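Asker: Quick one: structure below, then a few questions.
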Amino acid sequence: MLSRYERRRLQEIERWFEENDPRFAESVKHPPPDRATSRRRWAAIAVALLGALVFLTGLLAASPGLIFVGISLGVGGIAVRYLLLNAHRPDQRAR
């Protein structure tokens, strides 16, 4: 936890950057997305879609094994996409 003095100084520095180098200040506030995280996100979506395809194939073939694998892949892909990848996002609470 920062002291009041430290918070005030940090706000002064932020204001200075916003006034003197707005492009830098904006890039710090909203950094570009990480490429590795984007690849993992798309991989998780692909696994979820593959799971849906396997599930539908299992329904058409009346195969409980394929249905189970499809549900597992779908739930796993969704869980990775929303739970694990969002857990690594920086805390959005500024103060």
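None of the figures in this text is laboratory data; all of them are computed from the coordinates on show. These numbers come from a predicted model, not from an experiment. Neighbour counts run over all protein chains shown; Cβ positions are idealised from the backbone, glycine included.
Asker: Based on DSSP H runs of at least 4 residues, each adding -39500 (n - 2.57), what is the mean residue ellipticity at 222 nm of the chain after dividing by all its residues, to the nearest 500 deg cm²/dmol?
Answerer: Taking each H run of at least 4 residues, the total per residue is -24000 deg cm²/dmol.
Asker: In whole Hz and in residue order, list the ³J(HN,Hα) couplings for the stretch 27-43 that follow from phi through the Karplus curve 6.51 cos²θ - 1.76 cosθ + 1.60, θ = phi - 60°; x for Gly and Pro.
Answerer: Once rounded to whole Hz, the list reads 5, 6, 5, 10, x, x, x, 6, 5, 5, 5, 4, 5, 5, 4, 5, 5.
Asker: Working only with C-alpha atoms, what are the Rg and Dmax values of the chain, expressed in angstrom?
Answerer: 22.1, 68
Asker: Kindly rank 35-44, 64-73 from highest to lowest mean number of other beta carbons found within 10 Å of each residue.
Answerer: Highest mean packing first, the order is 64-73, 35-44.
Asker: Give me the dipole magnitude in Debye, nearest 20, for the chain about the Cα centre, with unit charges on the beta carbon: positive for Lys and Arg, negative for Asp and Glu.
Answerer: Taking the Cα centre of the chain as origin, the dipole is about 180 debye.
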